[in-house]
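The values are calculated or read from the model by the stated rules, or taken from the named source; none is laboratory data. All values reported here derive from a predicted model rather than from experimental measurement. So basically every Cβ, Gly included, is an ideal-geometry build from the backbone, and we count neighbours across all protein chains shown.
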Amino acid sequence: MRKTYLPIIIIALSGIILSQEKHSPDALMLRFPDISQNKIVFQYAGDLYSVPKTGGTATGLTTIPGSENFAKFSPKGDKIVFSGNYDGNTDLYVIPAEGGVPVRLTHSPAPDLVNDWYPDGSAILYRSQQNSPSYRYNKLWKQPVDGGMPEVLPLAYGEFASVSPDGNRIAFQTLAVEGRTWKRYRGGMASDIWIYDLKNNTSEKITEFDGSDGIPMWIGDLIYFLSDRDNNKKLNIWSYNTKTKEVKQHTFFDEYDVKWPSAGIDEIVFENGGKLHILNVITGKTSSVEVYIPSDLPQVRPALKNLSKMIANFDISRDGKRAVFEARGEILTVPAKEGVTRNLTNTSGVAEREGTWSPDGKHIAYFSDRTGEYELYIKPADGKGEEKKLTKMDAGFKQNINWSPDSKQIVFNDNFGNIYICSVSDGKLTKVDKDDHNYFFGFAWSPDSKWLAYDKRVSFAHSVLNLYSLETGKSTQITSEFYSTANPAFDPKGEYLYFYGLKNFEPTYSDQDPTWVYNNSVNLYAVTLRNDVKDIFTPKNDEVEVKAEAKEEKKDEKKDSSKTEAKKDDKTVKIDLEGIEARTMLIKKLGSAGALAAAEGKVFYLQFQGDGGWRKGGTLYSFDLDKREHKEIVSGVTQFRLSFDGKKMIVGTPEGSFSIIDPNPGAKLADGKLDLSNMTATIDPREEWVQLYNEAWRIERDFFYDPDMHGVNWEKMKKRYEALLPFVAHRNDLNYVIGELISELNVSHAYVGGGDMENAPYTPVGMLGCDFQLDKASGFYKFAKIYETAPWDASEVRSPLRAPGLNVKEGDYLIAVNGVEVDPKYDPWKSFQRLADKTVILTINSKPSKEGARDILVKPLENEQELRYYAWIENNRKYVEEKTGGRVGYIYVPSTGIDGQTDLYRQFMGQLNKDALIIDERFNSGGQIPDRFVELLNRKLYNYWARNGFADWETPFVGHFGPKVMLINGWSGSGGDAFPAYFRAAGLGKLVGKRTWGGLVGISGTPALIDGGSVTAPSFGYREVTGELGIEGYGVDPDYDIENFPHELAKGNDQQLNKAIDLMLETLKNNPPKKPGKVKYPDRSK
């Protein structure tokens, strides 16, 4: 295969920083570099390359599918270790410096990420979640380069780290924000540099800065690191002198951040402005490296792609003979049975969305960003003709195309809640209304195309129905704000308007306490549009029909047939607006519902069962107005569209298949299943990547909560980073460029990910819920510790070794797995590859010998983190119980999502009788807005109820009315920021620990990128009740600022928890709980 040479152009620096206007924008096209005495290794287009440090033509080192990151030369420069996913998990691999077959060193299921080599070259320092009870942080590990069991360092947590030249100390950081898309960060997760003394088992924080100090690199007496502590708040290389404690700046880039530095003997290689640079730490000078990449770049070659798994929207032709799909930014039509699949657009660099068929069958309407902004277009449905651009609008995302029945008008809305009607003939736009709360609408046209029905949100909790008259240009609200109503659908005869209403108030009571919710509250309704239209359920009465005698027509009378025909053809819909809501009738209580549509004499609706039933698919029903019967059509459906003539329907399933069916009872999905295999398009990645970049930029512009974009010149940022697009060689490179772009907003919850790229393989590893230890004398691994939860949780999660009847003890030895002896040359997890959730024979013994060993059957876990998590909670709970004499309870809340609320409630219910509670939300990963969490903790005691012979009741019947304290730290973020803020606002107690993350803006959904990738735009931000924005970018301060030293915490000395215990004991001493004592009953005999 012929190769091309792509120059990565580097502008030379010789201690002088050139004007940044001459630089290419910064991004990591040559990523994760490292330097030896004479070479640089780096990642490019997903593979590893090396190049002389003087520059030149790079040599490819890896070509195996899979990712390679954090490559590091050995001290002698003869080997390279890197983190790669070749065999199903991200593990450590070693290759010769010249390239060769990778040798796998680790086999655990957790991602293992390279940090550094030990100075003698015998081992590698890496970070992993391997035995962490929370996925929020890593621990530091030491892996022998010759293989075998890795050793976890006695530190509670650790991220980027570097070993001192004598091997006796380690510089490390406990938190890491380097991979986050958030520049100039100043929140509670900002990292500092620590030193750990391996001999004395002590740790010391050496930097204290409100921004980020990270990626330590130890050279001689200096620890170099990245910091944005200068006035420009740009990441540059600084150093800390371990002798004098002097902090000094070494690079002075003022426009672009220094990225991913890595140290050699007396040099540091890094990226800036998308280029590789070398800092000579002896001379203090910086020079650049010119690199040429010989590569055929298969990722950038145009390729024919099947689009059937990337369908975003669909519709059906007027007669049901074809379907139209939006897939990967293309508009395609597919025959119901036989014929050609037609791609109407075929544009890699342009996104077309929401293909929608006109009722007359002639055209398909869609949005296209061909001009740089989304506009409305139409194109002949048969593909024979040019597309026609209908609109020329301001910036903004547009959605929700709905044709009028006469095919002359199209209604749609934008991301700011504006509703527009566009004339197909001349493109004239009419603004119908604006929703100040929402930008998702349900639209319905009257049969005569003169009325538009739509739902509109009038508050967070309520939406109403409106009717807009195209003749008068006025909109009328037709349902009150007392209940929520939505999803209108006109009866084709113009007599009824169908809709959903949240009016089914049937409470669901908790099994645990008297709490109730009103769930599954959707009902199906109809309202008569005229006063003379009868109720659907008007009583019927069968009578004998008597035919009247026909009168003899006079010969001289001529019937005015023209007037009769005109009256017959008059389909004008008359609507009596006055008193319309009072004419509403209930058709059926549904509970949970989906799409709604009407044909003549019938209404179709989709009903789901229970919470989240839409994921499994619901049941499609029809209601016959004349027979007044509900009939099941088909089940296993997530959505549907009815053809204009009402005789066909396209339905979608949870599996992503589509079928065109007759909407009659007993329909079979298989009979009308569409063949989507020919939905193809030739995708040119370079063209598509430009579109994806522009889309990401627009999404932030259109959906960001601050219209001023945090003061950032967003146009300028677009130009800065788009200049790098020609150098993108891999889809992940594009994600990095987009990440650099959105990180300029200096905001949390701005994320980018996914897209069309090779998915890393996954291999489930069987886990036994234990710590292994190698007995070096015998060469056998033993079960050093078997993790256990509280006895009451053992039925939910337990170590396979703790199954009743196995009688496995800590200290027992693992001899073989499925009859194959465990080899001490490898870590023990190598023996459990692909054995998760499978029946496995373990040969074990109480002594390190095969003699006398016994076999047991177990089923290893796929993930033991849950077990370690519950064991960690139980350890803390028992510690608190012991220290407080059983008076104080301990509750851990890992998130504010469903798992967090479940754990909060579960532990809360189990410790109601405690005099005080410690709420631990350290490492909380967020989720929902946690007001309900605080409501549970903040229940106030109203009264007691006296009972004869029994203990008093309390109201609320379930509540904790004693003192509380909350633990927080820098990992606590998003909902984990809001939880302590609400806890404090409610006056529930003090906060102990460290300042929280400071990420309190939220995301509420943005358009997906056309290749399946995603970018988020924070669309709402936390405001104090006084009106000011708060917490975002800073965090929540503790009342008691307590540092947990990593080496002490690893020994079980949790100073933050100890402080919380002291506070609760002091509070109980000063304000002991009061009970009412023996009741004094009244004497009412007199």
- Task: State the number of residues belonging to region 933-946 that are outside any loop (DSSP other than H, G, I, E, B), surrounded by 15 or more Cβ atoms within 10 Å (Cβ to Cβ) and of a type outside the set (A, V, I, L, M).
- Result: 1
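Going by the conditions given, is residue 1003 of a type in the set (A, V, I, L, M, F, W, C) and farther than 19 Å from residue 133 by Cα? Steps first, answer last, please.
Working: of a type in the set (A, V, I, L, M, F, W, C): yes; farther than 19 Å from residue 133 by Cα: yes.
Here the answer is yes, as residue 1003 does meet what is asked.
When you check residue 799 against the structure, is it in contact with a Phe, Trp or Tyr (Cβ under 6 Å, 6 or more places away or on another chain) and buried (at least 20 other Cβ atoms within 10 Å of the Cβ), yes or no? Steps first, please.
Working: in contact with a Phe, Trp or Tyr (Cβ under 6 Å, 6 or more places away or on another chain): yes; buried (at least 20 other Cβ atoms within 10 Å of the Cβ): yes.
Yes.
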- Query: Out of the residues in region 529-563 that are exposed (fewer than 10 other Cβ atoms within 10 Å of the Cβ) and among the β-branched types (Val, Ile, Thr), which is modelled with the lowest pLDDT?
  - Reply: 546
- Taking interchain pairs and intrachain pairs at least six residues apart, which have beta carbon atoms under 7 angstrom, with the first residue in region 611-634 and of a type in the set (Asp, Glu) and the second in a strand (DSSP E or B) and crowded, with 19+ Cβ neighbours inside 10 Å? 624/602; 632/621
- Message: free of Cβ contacts under 8 Å to residues at least 40 places away in the same chain, within 30 Å of residue 517 (Cα to Cα) and among the polar types (S, T, N, Q): which single residue out of 638, 584, 653 fits that description?
- Response: 653
- Message: I'd like to check something: does region 1018-1032 contain any residue that is in contact with a Gly (Cβ under 9 Å, 6 or more places away or on another chain), touching a residue at least 40 places away in the same chain (Cβ under 8 Å) and not in a loop (DSSP other than H, G, I, E, B)?
- Response: yes
- Inside region 383-414, the number of residues satisfying the requirement of being surrounded by fewer than 22 Cβ atoms within 10 Å (Cβ to Cβ), assigned to a loop (DSSP other than H, G, I, E, B), in contact with a strand residue (DSSP E or B) (Cβ under 8 Å, 6 or more places away or on another chain) and not hydroxyl-bearing (Ser, Thr, Tyr) is 10
- Message: Exactly one condition in (1) within 35 Å of the chain's Cα centre (by Cα); (2) surrounded by fewer than 24 Cβ atoms within 10 Å (Cβ to Cβ); (3) more than 23 Å from residue 83 (Cα to Cα) is false for residue 168; which is it?
- Response: (1)
- Message: I'd like to know if region 1049-1068 contains one or more residues that are β-branched (Val, Ile, Thr) and in a loop (DSSP other than H, G, I, E, B).
- Response: no
- Task: For region 594-640, please list each of the strands (runs of 3 or more DSSP E) lying entirely inside it that holds at least 2 residues being among the acidic types (Asp, Glu).
- Result: 629-637
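Count, please, the residues in region 430-449 that happen to be assigned to a loop (DSSP other than H, G, I, E, B), over 21 Å from residue 579 (Cβ atoms) and touching a strand residue (DSSP E or B) at 6+ places or on another chain (Cβ under 7 Å).
Residues of region 430-449 assigned to a loop (DSSP other than H, G, I, E, B): 435-442, 446-449.
Next, only the ones that are over 21 Å from residue 579 (Cβ atoms) stay: 435-442, 447-449.
Remaining after also requiring touching a strand residue (DSSP E or B) at 6+ places or on another chain (Cβ under 7 Å): 435, 437-439, 441-442, 447, 449.
So the count comes out to 8.
Kindly provide the set of residues from region 801-830 that are part of a strand (DSSP E or B) and among the β-branched types (Val, Ile, Thr), ordered by number. Full working, then the answer.
Kept after step one, since they are part of a strand (DSSP E or B), are these residues of region 801-830: 813-817, 820-821.
Scanning region 801-830 gives 815, 817, 820.
Yes or no: residue 395 of a type in the set (A, V, I, L, M, F, W, C), under 27 Å from residue 534 (Cβ atoms) and touching a residue at least 40 places away in the same chain (Cβ under 8 Å)? Full working, then the answer.
Values: of a type in the set (A, V, I, L, M, F, W, C): yes; under 27 Å from residue 534 (Cβ atoms): no; touching a residue at least 40 places away in the same chain (Cβ under 8 Å): yes.
Criteria not met by residue 395.
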- Task: Kindly list, by first and then second residue, each pair from a residue in region 981-1003 that is in the same structural domain as residue 1061 (by TED's automatic domain parsing) to a residue that is basic (Lys, Arg) and surrounded by 22 or more Cβ atoms within 10 Å (Cβ to Cβ), limited to pairs with Cβ atoms under 9 Å and residues at least 6 apart or on different chains.
- Result: 983/964; 988/964; 989/964; 990/964; 993/922; 994/922
- Residues of region 708-730 satisfying the condition of being over 20 Å from residue 184 (Cβ atoms), in a loop (DSSP other than H, G, I, E, B) and more than 24 Å from the chain's Cα centre (by Cα): 723, 724, 728, 729
- Item | In region 766-800, residue farthest from residue 109 (Cα to Cα) [restricted to those that are among the basic types (Lys, Arg) and part of a loop (DSSP other than H, G, I, E, B)] | 776
- Item | region 254-277, residues that are part of a loop (DSSP other than H, G, I, E, B), closer than 24 Å to residue 185 by Cβ and aliphatic (A, V, I, L, M) | none
- Would you check if there is a residue in region 660-667 being crowded, with 16+ Cβ neighbours inside 10 Å, among the small types (Gly, Ala, Ser) and outside any strand (DSSP E or B)? yes
- Could you tell me whether residue 965 is in contact with a Gly (Cβ under 6 Å, 6 or more places away or on another chain) and among the aliphatic types (A, V, I, L, M)? yes
- Message: On the basis of being among the aromatic types (Phe, Trp, Tyr), under 21 Å from residue 958 (Cβ atoms) and not in a strand (DSSP E or B), does residue 908 make the cut?
- Response: yes
- Query: What number of residues within region 111-127 are surrounded by fewer than 24 Cβ atoms within 10 Å (Cβ to Cβ) and either aromatic (Phe, Trp, Tyr) or not in a strand (DSSP E or B) (or both)?
  - Reply: 7
- Item | Residue among 566, 582, 526 that is outside any loop (DSSP other than H, G, I, E, B), among the hydrophobic types (A, V, I, L, M, F, W, C), at pLDDT 90 or above and exposed (fewer than 11 other Cβ atoms within 10 Å of the Cβ) | 582
- Note on the structure: The one condition residue 1020 fails out of (1) more than 22 Å from residue 901 (Cα to Cα); (2) out of contact with any Ser or Thr (no Cβ under 9 Å at 6 or more places or on another chain); (3) aromatic (Phe, Trp, Tyr) is (2)
- Query: For region 152-206, which fully contained strands (runs of 3 or more DSSP E) count at least 1 residues that are aliphatic (A, V, I, L, M) and within 24 Å of residue 121 (Cα to Cα)?
  - Reply: 161-163, 169-172, 194-197
- Query: Given the conditions (1) over 25 Å from the mean Cα position of the chain (by Cα); (2) assigned to a helix (DSSP H, G or I); (3) aliphatic (A, V, I, L, M), which single one is not true for residue 737?
  - Reply: (1)
- Task: Output the residues belonging to region 610-631 that are over 19 Å from residue 499 (Cα atoms) and loosely packed, with under 15 Cβ neighbours inside 10 Å.
- Result: 610, 611, 612, 615, 616, 627
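Test residue 233 against the criterion of being among the basic types (Lys, Arg), touching a residue at least 40 places away in the same chain (Cβ under 8 Å) and within 30 Å of residue 733 (Cβ to Cβ), and give yes or no. Give the derivation first.
Working: among the basic types (Lys, Arg): yes; touching a residue at least 40 places away in the same chain (Cβ under 8 Å): yes; within 30 Å of residue 733 (Cβ to Cβ): yes.
So residue 233 passes the test.
Considering only residues that are buried (at least 18 other Cβ atoms within 10 Å of the Cβ) and assigned to a loop (DSSP other than H, G, I, E, B), which ones fall in region 76-86?
So in region 76-86, the residues buried (at least 18 other Cβ atoms within 10 Å of the Cβ) come out as 79-86.
Of everything in region 76-86, those that are buried (at least 18 other Cβ atoms within 10 Å of the Cβ) and assigned to a loop (DSSP other than H, G, I, E, B) turn out to be 85, 86.
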